[in-house]
Amino acid sequence: MHFFPLPAVFVGGEIVDMLSNTGAVAKLVLLTLLAFSLISWAIILTKWSLLRRAKAQSGRFVRAFRKAQRLQDIVAVADQFKPSPLVGVFEGGYEEYRRQVASSGGLRSMVPIQRGMQIGSSEEITRLERNVPWLAITAAATPFIGLFGTVWGIIDAFHGLGTAGAATLRAVAPGISEALITTAAGLAAAIPAVIAYNLIGASIREFAARCDDFSLEFMNAVEHNQPQSSAAVAADARR
């Protein structure tokens, strides 16, 4: 009767054993890759939560904006939808609109309002993109860091082989397998980072397009309700 060891236990034990027997350079490489990976996963989880809340609040904010009779009604409840980048776009446009009405009693030009919304949109997109470049750095750098550890380990293995004088596969295989662990660790850090970078980037580009669409909708609302809104904003400014 033949008994076969459990593959998971065997492989896991082998990996732990190889990690414990790696040299100082390989351990330093693995610790570096671990730091890259932990930071990347922290960014991924944070951005995933932020974008999910921003998407939900953006939908609610647009519905509230379309139902409102006056722009002042949106100002009163804008803080409830703060995770949405559309709130920053609205505030940028509304502040310029209120400034014009307060100074001249009416709307002089739509161009400054449009610029205010562009500035608000740029600030919000920059906020969403914060720390995302780290994922690109991780995706680009970690495979090469892992490869450096592998090359160094192979050099060390062949140096030990030359010192021992036993030119057999059995003699060199353990050292090479230990060296290849760093390549696997580099890929394990890089693959989630590059996938998340592309997915998060696509979501941010979608928000940028939604900000542009909302800017047009805001300008339409200002033009359609300009006479009534001007009087209301002037009264609000005098308070």
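Remarks
- Residue within segment 26-45 that is closer than 19 Å to F218 by Cα, among the hydrophobic types (A, V, I, L, M, F, W, C) and buried (at least 17 other Cβ atoms within 10 Å of the Cβ) present: no
- Residues that are free of Cβ contacts under 8 Å to residues at least 24 places away in the same chain and crowded, with 16+ Cβ neighbours inside 10 Å were ranked within segment 62-93; the one that is farthest from the chain's Cα centre (by Cα) is A68.
- Number of residues in segment 218-239 that are at pLDDT 90 or above and surrounded by fewer than 14 Cβ atoms within 10 Å (Cβ to Cβ) equals 0.
- Residue within segment 191-211 that is closer than 30 Å to S103 by Cβ and either at pLDDT 90 or above or aliphatic (A, V, I, L, M) (or both) present: yes
- Residue match in segment 17-36 (condition: modelled with pLDDT of 85 or more, among the hydroxyl-bearing types (S, T, Y) and out of contact with any strand residue (DSSP E or B) (no Cβ under 9 Å at 6 or more places or on another chain)): yes
- Residue count for segment 105-158 under the criterion of being of a type in the set (V, I, T), under 23 Å from M219 (Cα atoms) and in contact (Cβ under 8 Å) with a residue 40 or more places away in the chain: the result is 2.
- If you go through segment 46-61 and keep only what is surrounded by fewer than 17 Cβ atoms within 10 Å (Cβ to Cβ), hydrophobic (A, V, I, L, M, F, W, C) and closer than 28 Å to Y94 by Cβ, you end up with L50, A56.
- Scanning segment 96-134 for residues that are closer than 24 Å to R210 by Cα, assigned to a helix (DSSP H, G or I) and of a type outside the set (V, I, T) yields a total of 18.
- Here T126 meets each of (1) surrounded by fewer than 19 Cβ atoms within 10 Å (Cβ to Cβ); (2) at pLDDT below 85 with one exception, condition (2).
The values are calculated or read from the model by the stated rules, or taken from the named source; none is laboratory data. Everything quoted here is computed from the prediction, not taken from an experiment. No Cβ is skipped: glycine too gets one built from the backbone with ideal geometry, and neighbour counts run over all protein chains shown.
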